[in-house]
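Participant: Starting off with a structure, shown below.
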Amino acid sequence: MKKALLLIDVQNAMFQKGNIVHNGDQLLRNLKGLLKEARTNKTPEIFVQHNAATGKSLEYGKKEWEIHPEITPSSQDIIIQKTTPDSFYKTILEVELKKRGIEHLVITGIQSEVCVDTTCRRAFSMDYKVTLVSDAHSTWDSETISAQEIINHHNDVLRWFADVYSSEDIKF
């Protein structure tokens, strides 16, 4: 079953001083390790970028919108543009997956309870095998619970839709 590594919304805005995503440095280290493993094994990497309205932090073309420089896509990588939490909705993601015969998505990225959650569930509903990398997705504290609690909760809940493994256990 052909795999792809999906990196959702790992954009500069998520790492702005004073509002850095939970465990941002560790997240980037884990993502770099996964990218190295994927590239070594010629596994397709798909970067998803969120495009927000004019004036928002993820406005298309702005510095904050760009993919974080520590995980810069290579010229062979696929970059998908989206405007909703669902990486499939009104994007070319499914077309790109079908074109490459990909049936298994290894999902990482930001924000655990929004785009990562939605994309995991949607991929499952579309009959993809899904793996969620438990230590390669993140978020921010909410008003009522910590970012780590949100991450832990989604690692538990998304087991209904995905196999959940840590980055050290992912092989391509």
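Participant: Considering only the other residues whose Cβ falls under 11 Å of the Cβ of Arg39, what net charge follows from Lys and Arg at +1 and Asp and Glu at -1?
Facilitator: Net of charged neighbours comes to 0.
Participant: Test of the criteria: in the stretch 92-123, which GluC sites (Glu not before Pro) are in a DSSP loop and have at most 15 other Cβ atoms within 10 angstrom of their Cβ? Please list the in-between numbers first.
Facilitator: Numbers: sites: Glu94, Glu96, Glu103, Glu113; in loops: Glu103.
Sparse-neighbourhood loop GluC sites (Glu not before Pro): Glu103.
Participant: Longer than 26 Å from Cα to Cα, which of Lys3/Lys36; Lys90/Lys129; Lys36/Lys56; Lys56/Lys129; Lys62/Lys90 are they? Say none if no pair is.
Facilitator: With Cα atoms farther than 26 Å apart: Lys36/Lys56; Lys56/Lys129.
Participant: Using a simple charge model, +1 on the beta-carbon of Lys and Arg, -1 on the beta-carbon of Asp and Glu, nothing else, what dipole does the chain show about its Cα centre, in debye to the nearest 20?
Facilitator: Details: 21 positive and 24 negative charges, 147 e Å.
Rounded to the nearest 20 debye, it is 700 debye.
Participant: Could you give each residue of the stretch 73-80 its phi-based ³J(HN,Hα) in whole Hz, using Karplus coefficients 6.51, -1.76, 1.60 with θ = phi - 60°, and x for Gly or Pro?
Facilitator: Values per residue, Gly and Pro as x: x, 8, 5, 8, 6, 9, 10, 10 Hz.
Participant: Taking the chain as a Gaussian network, where each spring joins two C-alpha atoms under 10 Å apart, which residue of Lys62, Lys90, Lys99 fluctuates the most?
Facilitator: Maximum fluctuation in the GNM of the chain, among the listed residues, is at Lys99.
Participant: Show the residues, 5+ positions off or on another chain, whose built amide H is closer than 5 Å to the amide H of Gly109.
Facilitator: Ile8, His137, Ser138
Participant: Using packing as a proxy for protection, rank 147-159, 70-82 so that the peptide with the highest average count of other Cβ atoms within 10 Å comes first.
Facilitator: Details: 147-159: 16.5, 70-82: 14.2.
Top of the packing list down: 147-159, 70-82.
Participant: With θ set to phi - 60° and the Karplus curve 6.51 cos²θ - 1.76 cosθ + 1.60, what are the ³J(HN,Hα) couplings of the stretch 42-57 in order, to the nearest whole Hz, using x for Gly and Pro?
Facilitator: Calculated HN-Hα couplings, in order: 6, 8, x, 10, 10, 9, 10, 10, 7, 10, 9, 5, 3, x, 8, 5 Hz.
Participant: Further question on the same structure: To the nearest 10 square angstrom, how much accessible area does Phe124 have with a 1.4 angstrom probe?
Facilitator: Rounded to the nearest 10, that gives 90 Å².
Participant: Still on this structure: Pop a pseudo-label 7 angstrom from the Cα along the beta-carbon direction at both Ile145 and Gln26 and give the gap in nm to one decimal.
Facilitator: In this crude spin-label approximation the distance works out to 1.8 nm.
The values are calculated or read from the model by the stated rules, or taken from the named source; none is laboratory data. Please read these numbers as outputs of a predicted model, since none were measured by experiment. Using ideal geometry, Cβ is built from the backbone for each residue, glycine included, and neighbour counts are taken over all protein chains shown. Quick note on the areas: whole protein, heavy atoms, side chains included, nothing else; ligands and nucleic acids left out. Shrake-Rupley method; radii C 1.70, N 1.55, O 1.52, S 1.80 Å.
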